[in-house]
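Novice: Following this message is one structure expressed as structure tokens.
The values are calculated or read from the model by the stated rules, or taken from the named source; none is laboratory data. Keep in mind the model is a prediction, meaning the values are calculated, not measured. Every residue, glycine among them, receives a Cβ derived from its backbone with ideal geometry; neighbour counts consider all protein chains shown. Note: areas computed on protein heavy atoms with side chains; ligands, DNA, RNA excluded. Shrake-Rupley method; radii C 1.70, N 1.55, O 1.52, S 1.80 Å.
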Amino acid sequence: MRIVVTGGAGFIGSHFVRRAASGAYTGGELPEIVVLDKLTYAGNIANLDPVGESPLLRFVHGDICDRPLVTDVLKGADLVVHFAAESHVDRSIAGSEEFVRTNVLGTQTLLNAAADGDVAKFVHVSTDEVYGSIDDGSWTESAPLEPNSPYSASKASSDLLARAFHRTHGLPVCVTRCSNNYGPYQHPEKVIPLFVTNLLDGRKVPLYGDGANVRDWLHVDDHCRGIALVAERGTPGEVYNIGGGTELTNIGLTERLLEMLGADWSMVQRVPDRKGHDRRYSVDIGKISDQLGYRPLISFEQGLAETVEWYVSRRDWWAPLKKAERSY
Ligand code: NAD
Ligand code: TDX
């Protein structure tokens, strides 16, 4: 079996590759894996070190917008799992061009090559942010797409392209829409690693606005297991929400992190709110649970404690990333 993983040197993609390389998603059989990654500021080849010696892993340094390269890499693949994206909302507010180029044009390039290259299954990894913001209740997969940031608008555009390639060309593509991930190897621009590493450095943490925004937290291992289920048994053309079931305000999250790192509220700096800041995300995971038997397995308490421990022990991994970008 040959699996192509785009964005496999990023946070979630590299977790998927490390697990897939051990046969976790193929019943113990070891698949051939090709990682296609541009190694932007968010990509880190060291994320693949734990499986770097595997003879079945090949790394291709390249851009998903490069049509000839993508055509060559995807041809005849049994599975494409598409993680590559510009993924940080704040960066999309500062400038949206790269988001449209990679997330929209890059996805279109991949879908085209997959349709032409007889790819057996394609999983497009998307986000709950495409639905917008919801005050009460949860979104099912049929909720309208009402994205509010340039990031989520670019992801929604790519979801619609995936749908169109299924309807028009019969491409066997599924879309997954997932809530906020956390875990090891997450770039320190995102809130959990940012707050943990700031506190480890004795620096304050910047809490946006009133801190009452709600996010649903999902461990990256549970997310990747959900993606693998969709890859194996998801119906082509369908969308599957993946959620963690742990909704927390940013104040609630900050309180937990302060306590775990032995700090208090004097280490919190209130800063102006993010522009267009979505108030709450919440996905209904009834479909993937009922149809594919999915449920998250890692409790937030256990997952967060292990994640904090990982950052405590892996300063060698995150310190250079923070140094490269002084604002973190
Ligand atoms: P990330 O920013 O950590 O990694 C993105 C990876 O894509 C990097 O390795 C980067 O080098 C690569 N990349 C970027 N542009 C590229 C291009 N043009 N060509 C090839 N490679 C390129 O992102 P992540 O947090 O791991 O997210 C992975 C996917 O999951 C994204 O599609 C994101 O929208 C989605 N998602 C993320 C979350 C989350 O909480 N992090 C939640 C839901 C969905
Ligand atoms: O410094 C900060 N202070 C702060 O209060 C940062 C970076 C964030 N926040 C808040 C904003 C959000 O309400 O924390 C919450 C989480 O922020 P991020 O970590 O930036 O994540 P979010 O914007 O929710 O998006 C994430 O989840 C969905 C990922 O980055 C996306 O790629 C994914 O699609």
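Novice: Run the numbers on region 114-167 and let me know its relative contact order in percent, using alpha-carbon pairs under 8 Å that are six or more apart.
Specialist: After rounding, I find 37 percent.
Novice: What number, in nm² with one decimal, is the all-direction average of the projected area of the convex hull of the alpha-carbon atoms of the chain?
Specialist: Directional mean of the projected Cα hull area for the chain stands at 15.3 nm².
Novice: I need the phi-derived Karplus couplings for region 29-38: 6.51 cos²θ - 1.76 cosθ + 1.60, θ = phi - 60°, integer Hz, Gly and Pro marked x.
Specialist: Listing the rounded values in order: 5, 8, x, 7, 10, 10, 9, 10, 8, 7 Hz.
Novice: Could you pull out every residue, at least 5 positions away or on a different chain, whose amide H is within less than 5 Å of the one on Y240? Hs are placed 1.01 Å off N in the peptide plane, and Pro or chain starts have none.
Specialist: Under 5 Å from the amide H of Y240: V175, T176, R177.
Novice: Something else: Compute, for region 166-245, the length of the dipole vector about the Cα centre, with Cβ point charges of +1 (Lys, Arg) and -1 (Asp, Glu) only. Units Debye, rounded to 20.
Specialist: So the magnitude is around 120 debye.
Novice: State the antiparallel share, in %, of DSSP beta bridges confined to the chain, rounding to the nearest 5.
Specialist: 10
Novice: Around E86, which amide H atoms from residues at least 5 apart in sequence, or from another chain, sit under 5 Å from its own amide H, with H modelled in the peptide plane?
Specialist: N103
Novice: Order the peptides 158-169, 83-94 from the highest to the lowest mean number of other Cβ atoms within 10 Å of their residues.
Specialist: 83-94, 158-169
Novice: What is the distance in Å between the Cα centres of region 278-304 and region 110-138?
Specialist: When both Cα centres are located, 17 Å separates them.
Novice: In vacuo Debye scattering of region 102-144, one point per C-alpha: log10 I(q)/I(0) at q = 0.19, 0.21, 0.25, 0.28 Å⁻¹?
Specialist: -0.73, -0.79, -0.91, -1.00
Novice: Largest first, how would Y185, Y208 line up by accessible area (1.4 Å probe)?
Specialist: Of Y185, Y208, the descending order of accessible area is Y208, Y185.
Novice: Counting Lys and Arg as +1 and Asp and Glu as -1, each charge on the Cβ, what is the dipole of region 36-187 about the Cα centre in debye, to the nearest 20?
Specialist: Result for region 36-187 is approximately 360 debye, rounded to the nearest 20.
Novice: Follow-up question, since we're still on this one. Which value, in Å², gives the accessible area per residue of the chain when a 1.4 Å probe is used on the protein heavy atoms?
Specialist: It amounts to 42 Å² per residue over the chain.
Novice: With a 1.4 Å probe and all protein chains left in place, how much of the accessible area of the chain comes from carbon and sulfur atoms, in whole percent?
Specialist: Its accessible area is 50 percent carbon and sulfur atoms.
Novice: Can you tell me the order of 18-30, 144-156, 228-240 when each peptide is scored by its average per-residue count of other Cβ atoms within 10 angstrom, highest first?
Specialist: 144-156, 228-240, 18-30
Novice: Which distance in nm do the two modelled labels at L105 and K323 give, with both placed 7 Å along the Cα-to-Cβ direction?
Specialist: Spacing of the two 7 Å Cα→Cβ label points: 3.4 nm.
Novice: Please quote Rg/Rh for region 165-204 to two decimal places, taking the Kirkwood radius as Rh and restricting both calculations to Cα atoms.
Specialist: Across region 165-204, the Cα-based Rg/Rh ratio is 1.38.
Novice: On to the next question. If R₀ is 35 angstrom, what is the calculated FRET efficiency for the pair R203 and E97, using the beta carbon separation as r and rounding to 0.05?
Specialist: According to the calculation, E is roughly 0.70.
Novice: Still on this structure: Could you please report the charge total around V104, scoring K, R as +1 and D, E as -1 over all other residues with beta-carbon less than 12 angstrom from its beta-carbon?
Specialist: Overall, the nearby charge balance is -2.
Novice: Also, I was wondering about something else. Roughly speaking, what is the centre-to-centre gap between region 179-237 and region 36-85 when only Cα atoms are used, to the nearest Å?
Specialist: Between the Cα centre of region 179-237 and that of region 36-85, the gap is 22 Å.
Novice: List nothing, just return the count: lysine pairs in region 193-328, 8 or more apart or interchain, with Cα separation under 26 Å.
Specialist: Within region 193-328, the lysine pair count is 5.
Novice: Given N residues in region 243-328, what is its alpha carbon radius of gyration divided by 2.2 N^0.38 Å?
Specialist: 1.40
Novice: Quick one: net charge of I285's neighbours, Cβ under 12 Å, K/R +1, D/E -1?
Specialist: Summing Lys/Arg as +1 and Asp/Glu as -1 gives -3.
Novice: Amide H neighbours of L79 under 5 Å, at least 5 residues apart or on other chains, H built in the peptide plane: list them.
Specialist: Sorted by chain and number, the residues that satisfy this are R2, V4, A120, K121.
Novice: Where does the chain land at 222 nm, in deg cm²/dmol rounded to the nearest 500, when only DSSP H runs of n ≥ 4 count, each adding -39500 (n - 2.57), divided by all residues?
Specialist: My calculation for the chain gives -11000 deg cm²/dmol from helical runs alone.
Novice: Same structure again: Would you please put 108-120, 172-184, 51-63 in order of how densely packed they are, using the mean number of other Cβ atoms within 10 angstrom per residue and starting with the highest?
Specialist: With the highest mean Cβ count within 10 Å placed first, the list reads 172-184, 108-120, 51-63.
Novice: Another question, then. Give me the Kirkwood hydrodynamic radius of region 70-205 in Å, from all C-alpha pairs, to one decimal place?
Specialist: Computed over Cα pairs of region 70-205, the Kirkwood hydrodynamic radius comes out at 16.3 Å.
Novice: Now a separate question. With viscosity set to 1.567 mPa s at 4 °C, what whole-number translational diffusion coefficient in µm²/s follows for region 7-119 from Stokes-Einstein and a Kirkwood radius over Cα pairs?
Specialist: Once the numbers are plugged in, D ends up at 89 µm²/s.
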